Amino acid sequence: MQQIIDLIQTYSLLRMLIAFLVLIGIVFLNAIVMGYLERKIAARIQRRWGPMEIGVQGWLQMILDGVKMLAKQLIVPRDADRFLFRLAPLLCFTPVVMIFAALPFSKALYGINLHIGLIYIIAMASINVFAILIAGWSSNNKYSMFGAMRSVAQNIAYEIPILLSLLSVVLTTASFDLQKIVEAQSGWLWFAVYPNLFVAFVIYLIAGCAETNRAPFDLPEAESELTAGFHTEYSGFGFGLFAVAEYGNLFIMASIASIMFLGGWNGPFGLASGPLMGAFWFLSKVFVLMLVMIWVRWTYPRVRFDQLMNLAWKYLIPFSLVNLLITAFLVKMI
Amino acid sequence: MSGYFRDIYTGGKSLLIGLGVTFKAIIKPVVTVQYPREKIDVTPNIRGHIELVRFDENDSRHNCLVCGMCAKNCPCGCLTVEGEKREGVKGKVLTVFDYDFTKCSLCGICVESCSRTALTFSSEYELAGFSRQEFHFDLIKRLEGK
Amino acid sequence: MSTMTKFETTDKHRFLLNMGPQHPATHGVLRVILEMDGEYAMGIDPVLGYGHRMQEKMAESRTWPGFYPNTGRMDYVGAMPFNHGYVALIERMAGIEVPERAEYIRVITSEMNRIASHLLGIGAYVLDLGAFTPILYAFDDREDILDALEDITGSRLTYCYYRVGGVLKDIDDTFIKRTRAFIENFRKRIPMYNDLVTGNVIFIKRTEGVGIITADMARRYGATGPTLRGSGIAYDIRKSEPYSVYSHFDFDIPTGKNGDSLDRYYVRICELEQSLRIIEQALDKLPDGPVLAKPKRAKLQEGDCSFSVETARGVLTYYLVGDGSEVPYKLKIRVPSYSNLSLLEEMCTGMLIADLVSAMGSLDLVIPEIDR
């Protein structure tokens, strides 16, 4: 046992390999848990039972769905670009794992700590758009193409309010290091308590919904207009990877919100936040945020494309700009 | 400019109200049932497929006179009624009463047109089978089998 | 494939998009061929006939009672008024008097069916706009109606409950109690729909000013029902030429102002309340007596006859030509959704595909009724 630990400590590449395998496991586990929660909560909102058949309260349902997807044939449409068509789900999934590596689950529990962690995460998160564009384009289907185009325009528009709202936190802490940002919020003074940063928090949540293509901004896969949008032609685990990546992105969105605005692994009222308790606090904040997103999804109709753009350019961006100015002013003053 | 902020206010308020409605629904009890395990009470008045009426509780005879009105009036032609004359029996004796449920539109005209109330609706609603032949009912056999 | 060549264009930026017959927004087997310019639909061509069952021809090949079950199959969501129109047509042709109690029961059941149909229409419309939850709430309420109707009629969708000369079975106290309880319960539920859907800013933005049908346009295409009333014309067969006992009741015809999707939706919401009012009054005034006139062999006379009723989607007219036999010589069925659908091209040309879905959903089409 000691030898193995020594081995791991000597070879950093091996350490990274293990970390990535664990992270892939976490991404899949997250998809399973979130898929189950989403179905259950949607069912309760609609006053149904949801999955009930397999396992107690149907908790095995998502695992079996995953097994079913693995067993299905990967159909490539006749005139599709075979290479890109196969590549797209991977391209969608890989950045998610890479971002998970940089998330600080607690003070001591993280894959890598980067000085520019925030920039890294945002950069990685934008690769998702490429994946959707490639998926839509390579399937050679008009509906997929619509979905891809919408997704690109939507993501370009919503990156800006996300960056601007996060920048106001960066201004306050003067750091891109996620660990430092979390440490700056120790005690009960989470950033969401300050009024200017609270506005940034709300803007981030709305824009994050759009960034992760969740309802009411799920235009790339608007099923009543585009049947299934960019993944219309995907079957089997190609489709499965898109679903896993969607939940992974949701997790990332919520975890950035909780790191930047809700104090990350800090417990409320300065409660103990050791390695494990910190992870507990962090995960509970993330899950609360994700549950809110699910609740929102099953309540609202979908917005139209131009309205989505209006929301970004006419409301979110001006507000976040003004907010950023106010924050900069306050930081200089104090 | 004031319209701009009013839009945000009214819009945001309506969205919060919507969230409130769905939140209330989460707390309320579930209205569906897990079908094969639990069942809701189905009214006995349901118009299922048709059935010959028993003479009385213990007697598996029926009232049919073989007048053929049901088969004649059936819009879908799903009934085959045949009878024969027998020695010592007044009138005809029913020999064949075939009912093709795959064609039936459950309108109930056969039951209405029967002058002797020899036909009734079954309240059976869980009908499923693997072949069409399972829905070609021989009503005489069903009557005796019950 | 004449429809495909209709859009042969030299403009290489435009392309054809085939929406349906299996598409989530076309509710059944409607196929719409769109000529797209980016996300804008510049040419729209609905293709019908995927659910065609030759109902009119079938009527010519069987006796008039034999065609009766088919009437409910045309519009399975609101089958009662379809049955009503047919039996009333035969009654008018054969000169059969219907007992008053039977007429009251017909009105009560028809209006309940209208509520059920509107609930489904509203729910499916909001589903088109991307909200999943309201349709399930609508199903929850609709279930109460279907259970009550099932108890009386024996069926849940295609009722076949009316008979020439009355109705199949008298209603009992449980039904009346149940209906009253439903009315009370449902009155409390309508504000919930308004909170969740009607007031929602996203819903309003998606529907307001989308798919405008002017009064003139609605008249030109012969649109009826909530589609016409949404454009501000208060035309309802129940008021303008009252059939059955509709003249005994006090109810309003809700109308819209702008003729957009929101108005058509809101007319349906208001009609729920009006239907509740009719049912309440009918239950209060319900007379005693028989429900089925003494069976008399109804013979179709020579000559022609027509009868119009107001279904949940608009005016339904049966026009029958008889030649003295039991088999109709010709039965023409004028269905509301067919005329309403024909508005689609003029209403939606140049629209975004999302708006097209919104406008098409607001017509509340039932495809088997169009194809029949």
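The values are calculated or read from the model by the stated rules, or taken from the named source; none is laboratory data. The structure presented is a predicted model; accordingly, all values stated were derived computationally and were not measured. Note that we place each Cβ from the backbone using ideal geometry, even for glycine, and neighbour counts take in every protein chain shown. Protein only, heavy atoms only, side chains kept; ligands, DNA and RNA dropped before computing areas. Shrake-Rupley method; radii C 1.70, N 1.55, O 1.52, S 1.80 Å.
Some notes on this structure:
- Ligands, DNA and RNA are left out, and with a 1.4 angstrom probe the accessible area of region C:55-333 is 34 Å² per residue.
- C:Val164 - accessible surface, heavy atoms, 1.4 Å probe, Å² rounded to 10: 40 Å²
- Shown for region B:82-129: residues covered by the partner protein chains by 30 Å² or more of accessible area relative to the chain by itself (probe radius 1.4 Å), namely B:Ser105, B:Cys107, B:Ile109, B:Glu112.
- When the accessible areas of B alone and A alone are added and the area of the pair subtracted, with a 1.4 Å probe, the result is around 1700 Å², both sides summed.
- Cα-based reach from A:Lys68 at 23 Å (exclusive), listing lysines while leaving out same-chain residues under 8 positions away: A:Lys40
- The modelled label-to-label distance between A:Ser235 and A:Val193, using points 7 Å beyond Cα along the C-beta direction, is 5.6 nm.
- Once the partner protein chains are put back, region B:62-78 shows a loss of at least 30 square angstrom of accessible area, versus the chain by itself, at B:Pro75 (probe 1.4 Å, ligands and nucleic acids excluded).
- Largest-first ellipsoid semi-axes for region C:226-350, taking √(5λ) over the Cα gyration tensor eigenvalues, angstrom: 31, 24, 9
- All lysines inside 21 Å of C:Lys257 as judged from Cα atoms, apart from same-chain residues fewer than 8 positions distant: C:Lys205, C:Lys239
- Between helix B:2-27 and chain B there is an angle of about 40 degrees, using the helix long axis and the longest principal axis of the Cα atoms.
- Between A and C, roughly 2600 Å² of accessible area is buried in total, ligands, DNA and RNA not counted and the probe set to 1.4 Å.
- Ranking A:Tyr194, C:Tyr40 from most to least accessible surface, computed with a 1.4 Å probe over the protein chains only, gives C:Tyr40, A:Tyr194.
- Alpha-carbon Rg/Rh ratio, for region B:47-146, with Rh computed the Kirkwood way: 0.95
- Which listed pairs, of A:Lys107/A:Lys180; B:Lys72/C:Lys299; B:Lys13/C:Lys188; B:Lys103/C:Lys330; B:Lys39/B:Lys141; C:Lys57/C:Lys332, have C-alpha distances above 19 Å, in listed order: B:Lys13/C:Lys188; B:Lys103/C:Lys330; B:Lys39/B:Lys141
- Legend: residues in region A:201-226 shielded by at least 30 square angstrom of accessible surface upon adding the remaining protein chains to the isolated chain (1.4 Å probe, heavy atoms) are A:Glu223, A:Ser224, A:Glu225.
- A viscosity of 1.306 mPa s and a temperature of 10 °C, combined with the Kirkwood radius over C-alpha pairs in the Stokes-Einstein formula, give region C:55-333 a diffusion coefficient of 82 µm²/s.
- Heavy-atom accessible area order for A:Leu325, A:Leu205, largest first, 1.4 Å probe: A:Leu325, A:Leu205
- MRE, 222 nm, helices only [DSSP H, n ≥ 4, -39500 (n - 2.57), over the protein assembly as shown, to nearest 500]: -17000 deg cm²/dmol
- Counted without the sites themselves, the longest stretch of chain B free of GluC sites (Glu not before Pro) in a DSSP loop having at most 13 other beta carbon atoms within 10 Å is B:1-37.
- The C-B contact accounts for approximately 1900 Å² of buried accessible area, totalled over both chains at a 1.4 Å probe radius.
- Note on A:37-45: average number of Cβ atoms from other chains within 10 Å of each residue's Cβ is 3.
- Share of carbon and sulfur in the accessible area of the protein assembly as shown stands at 62%, probe radius 1.4 Å.
- One decimal place: the segment B:Asp7-B:Phe55 gains 9.9 nm when fully extended, by the rule 0.36 nm per residue minus the C-alpha distance.
- Shape descriptor for region C:1-125: Rg over Rh equals 1.15 (Cα atoms; Rh from the Kirkwood inverse mean 1/r).
- In this structure, C:Asp195 and A:Asp6 have a Cβ-Cβ separation that, at R0 = 45 Å, corresponds to a calculated FRET efficiency of about 0.10.
- Taken residue by residue and averaged, Cβ atoms of other chains lying within 10 Å of the Cβ of C:189-200 number 4.
- Rg and Dmax of the protein assembly as shown, Cα atoms only, in Å: 32.0, 117
- Rolling a 1.4 Å probe across all protein chains gives A:Lys142 an accessible area of roughly 90 Å².
- Solvent-accessible area per residue for region B:50-145 (1.4 angstrom probe, square angstrom): 61 Å²
- Note on chain B: GNM, Cα springs under 10 Å; of B:Ile50, B:Ile109, B:Ile40, the largest mean-square fluctuation is that of B:Ile40.
- Charged-residue dipole, Cβ positions (Lys, Arg, Asp, Glu), the protein assembly as shown about Cα centre, Debye nearest 20: 640 debye
- Distance histogram for region C:180-224 (every C-alpha pair counted, 5 angstrom bins, percent rounded to whole numbers): 5, 18, 13, 13, 13, 17, 14, 7, 1
- Of the residues C:Val32, B:Val42, A:Val76, the one with the largest accessible area comes first in the ranking B:Val42, A:Val76, C:Val32, computed with a 1.4 Å probe on protein heavy atoms.
- Peptides A:43-50, A:197-204 ranked from most to least packed by the mean count of surrounding Cβ atoms within 10 Å: A:197-204, A:43-50.
- Model label sites at C:Thr214 and C:Arg92, defined 7 Å from Cα along the beta-carbon direction, differ in position by 3.3 nm.
- Two-site FRET efficiency, C:Asn258 against A:Val322, from Cβ-Cβ distance with R₀ of 45 Å, rounded to 0.05: 0.80
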